[in-house]
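Coordinate-derived values only; no laboratory data. Everything numeric here is computed off the predicted structure, so don't read it as measured data. Positions of Cβ are generated from backbone atoms using ideal geometry, with glycine treated the same way; all protein chains shown enter the neighbour counts.
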Amino acid sequence: MKINNSVIAILLLFLLSVSCKEEVVIPKPKAMLRLEYPIPTEAQLETNNFVFNYNEQANPIIKNQNAVVLDYPKMKGSIFITYKKVDGNLKKLITDAERLSMEHMKKADNIEHRVFINEDNKVYGTYFQIIGDAASQSQFYVTDSIQNFVTGSVYFYTKPNYDSILPAADYLQNDMRAIMETLRWKN
């Protein structure tokens, strides 16, 4: 069987035309990282002045009877809780706690606050949710207005990037609200 030069030329032209097509770039759809955290299981933590429930995912570190850290190593974050005795300085303690939350306004997009009242256990305070690239995503203070004052703050061990830490921040904010809701004074 004899192959004609024109058949070879046509075959080569066909192969060249098929192989030299411009590649079409198809953009990939945006993907979101799905972070899932376990449903909280509560345990109780007791100090000399107050008791509260916390998420067992946290490692409680009692610095002293006035300072507790709930460390979440998997999320690279912590909730810092500090106790102060009220000694005629309630107004100053509240002002300092609110000022600390408002200092994050420089970097935050918004700060939402919610008043917290638990009349049965005499626990009153405010919860601050900080939206944006601030160092802390939420803070709170509670008091009995007579003897006890507790503040709490969430901090992550990474540079704040609100979009990246949002799932972890939401999880810790829920834990922080649970602390406020279960807090009881011992005296």
* Structure fact -> Most packed first (mean Cβ within 10 Å per residue), the peptides 88-99, 109-120, 134-145 order as 134-145, 88-99, 109-120
* Read through the labelled values [x] 34, 22, 13; [y] 60, 18, 12; [z] 41, 23, 12 and report the label of the one computed as semi-axes √(5λ) of the Cα gyration tensor in Å from the structure. => [y]
* Asked: Which links in Lys85/Lys107; Lys63/Lys91; Lys63/Lys159; Lys63/Lys186 stretch past 22 Å when you go from one Cα to the other?
  -> Lys85/Lys107; Lys63/Lys91; Lys63/Lys159
